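> First, the structure itself, so that you have it in front of you.
The values are calculated or read from the model by the stated rules, or taken from the named source; none is laboratory data. Here the structure is a predicted model, which means the values were calculated and not measured. Cβ atoms come from the backbone with ideal geometry, glycine included; neighbour counts cover every protein chain shown.
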């Protein structure tokens, strides 16, 4: 598999939705343009490590994510994704690789792949899934969501967990996810936005903004879901290629 050539995305684009105007930087230099992602804020200190893990603090953040009690948002993702035998599934933003491991358990055959821009997260995910990688049923790579290193129509399903809100290039990333999905394939995004601290209106606005971006990327049958999870409500967007 190899990278596919794709058109360059604009550096900054203003997009309108019911959630308001989102100014998205597509080259990773949000501060240079004074722009924000769907998360609508800059994270500092340890909180920044959950959005952009790096170094020792990033490794610590990865372990915290991996050992979160029950991971109810992950259960929601797996329920909505409906992994079936023979599926080829891609997770974008794998973090410490816990969801990759859960997907592998649910597939008697098939293929699971994942990408993350953080080398720290990739190392943790590789350790956690070493046996599955050695058997050839799991493939993990370092890559941003906006440049997926897979051929067109490679996957039956694509998913992200607590990831899309932190992408600085949301529309480019969604275009890439559309490209690598097979026609009729399913895409699922789940967010448990703890930084919103239970602000129900803000959580709803985030879900609407994600759904609007997904529709603009050319997906159809776009649906929103919401589940009571601890410590804050989780939202999901489901769509078909």
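> Just checking, does the stretch 194-205 include any residue being crowded, with 22+ Cβ neighbours inside 10 Å, assigned to a helix (DSSP H, G or I) and touching a residue at least 40 places away in the same chain (Cβ under 8 Å)?
no
> Right, next: Checking the conditions here, which among 82, 91, 74, 42 is exposed (fewer than 14 other Cβ atoms within 10 Å of the Cβ), under 25 Å from residue 180 (Cα atoms) and at pLDDT 50 or above?
Exactly one residue qualifies, and that residue is 82.
> I've got another one for you. Among the residues of the stretch 206-241, what is the count of those that are exposed (fewer than 14 other Cβ atoms within 10 Å of the Cβ), in contact with a helix residue (DSSP H, G or I) (Cβ under 9 Å, 6 or more places away or on another chain) and in a strand (DSSP E or B)?
Total satisfying the criteria: 1.
> Another one. If we scan the stretch 163-186, do we find a residue that is within 20 Å of residue 73 (Cβ to Cβ), part of a strand (DSSP E or B) and in contact with a strand residue (DSSP E or B) (Cβ under 6 Å, 6 or more places away or on another chain)?
Yes: the stretch 163-186 contains one or more residues that are within 20 Å of residue 73 (Cβ to Cβ), part of a strand (DSSP E or B) and in contact with a strand residue (DSSP E or B) (Cβ under 6 Å, 6 or more places away or on another chain).
> Related question: Is it the case that residue 107 is surrounded by 19 or more Cβ atoms within 10 Å (Cβ to Cβ), more than 19 Å from the chain's Cα centre (by Cα) and either free of Cβ contacts under 8 Å to residues at least 40 places away in the same chain or more than 23 Å from residue 76 (Cα to Cα) (or both)?
Yes; evaluated as a whole, the condition is true for this residue.
> If you take the residues of the stretch 128-150 that are in a helix (DSSP H, G or I) and either in contact (Cβ under 8 Å) with a residue 24 or more places away in the chain or touching a helix residue (DSSP H, G or I) at 6+ places or on another chain (Cβ under 8 Å) (or both), which of them is farthest from residue 168 (Cα to Cα)?
By that ranking, first place goes to 132.
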